[in-house]
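Quick notes on the structure that follows.
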Amino acid sequence: MTTLLGIKTNSGEEAVVLVTDTQVIFGNDESKGRTPFYKTAIGEFWALSSMGTYWDGSRKFYNKLTSPKRYKDTTEKDVEKIILEAIKKERFIEIDTLNAEYMLADGDGESGTLQFLFGTNKPKIELYFIDSYGNLRTTQDLNNEVSLIVKSTDDGIENPIYNTILEKIRGEDVGSSDRIDLETALKVAYEGMKKIDVDLYSGGPIDITVITKDGVFNYGKQIKKALADAESAAFENILSKYKKDKEESRSPDSN
């Protein structure tokens, strides 16, 4: 199970916050990956968070967007043109093509096709949901009460999580029932993701991306390092306890 949260501020600094888990299932592999898989592709002015089945085609799609120099037929200018064209036409045709290829290869209809949350600061700061056919939809298009989008491969949890976060937003003392500044957006998105009941196919460290007029900032690896440091510190504490016990057992006073 993958869950994506996206929030756009409506107070203070204009920004979009994207939050995902980092667990993944590749193709028909029924075991979860041991290494966190970052589901958000980052560009100079955009970020694209995905859910669905990851396969060779999706890996190449992501690589072309984030590392176009690796491909002879793609440049950074090509990627910028693709992104801006998708925003202008409200249709990401390359995603439609990618999912069509997956359905032909997999033979399982739309199940497992990739869907996305998409944030950008060019030509303006905006948050979109991109469906399996590449259609871009804002929170207004989705008729959401606030600038919040919750999407999951388990669609049964979308409304409960949406309503939980909405209650948190309206419970914040920010001067207006639906006012969302960047601090509030980060707080409620993080708490909302942490409260999701994870199963075998979800979890991993949380990945957070913030998009402002100044750029696109991803904090997934920073969070992963902090967790690893905390784990190492806990282990050293455990180790020191038993090392101390061993030294005391060798002490003459212990006999």
Conditions (1) surrounded by 16 or more Cβ atoms within 10 Å (Cβ to Cβ); (2) touching a Leu at 6+ places or on another chain (Cβ under 6 Å); (3) more than 24 Å from Y190 (Cβ to Cβ) -> L98 fails only (2)
Exception for D178 within (1) closer than 16 Å to T3 by Cβ; (2) at pLDDT below 90; (3) of a type in the set (D, E, K, R) falls at (1)
Checking the condition part of a loop (DSSP other than H, G, I, E, B), more than 19 Å from the chain's Cα centre (by Cα) and either assigned by TED's automatic domain parsing to the domain that holds V19 or not acidic (D, E) (or both), which residue from R179, R170 passes? R179
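Here's the yes/no breakdown for (1) modelled with pLDDT under 95; (2) assigned to a loop (DSSP other than H, G, I, E, B); (3) assigned by TED's automatic domain parsing to the domain that holds T9:
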site	(1), (2), (3)
I95	no, no, yes
L104	yes, no, yes
E110	yes, yes, yes
L117	no, no, yes
K122	no, yes, yes
L127	no, no, yes
Y133	no, yes, yes
L136	no, no, yes
T139	yes, yes, yes
Of the residues in the stretch 96-126, those that are touching a residue at least 60 places away in the same chain (Cβ under 8 Å) and not acidic (D, E) come to G112, T113, L114, Q115, F116, L117, F118, G119, T120, N121, K122, I125
Filter pass, S202 being hydroxyl-bearing (S, T, Y), over 38 Å from the mean Cα position of the chain (by Cα) and modelled with pLDDT under 65: no
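The values are calculated or read from the model by the stated rules, or taken from the named source; none is laboratory data. All values reported here derive from a predicted model rather than from experimental measurement. All Cβ positions, glycine included, derive from the backbone under ideal geometry; neighbour counts span all protein chains shown.
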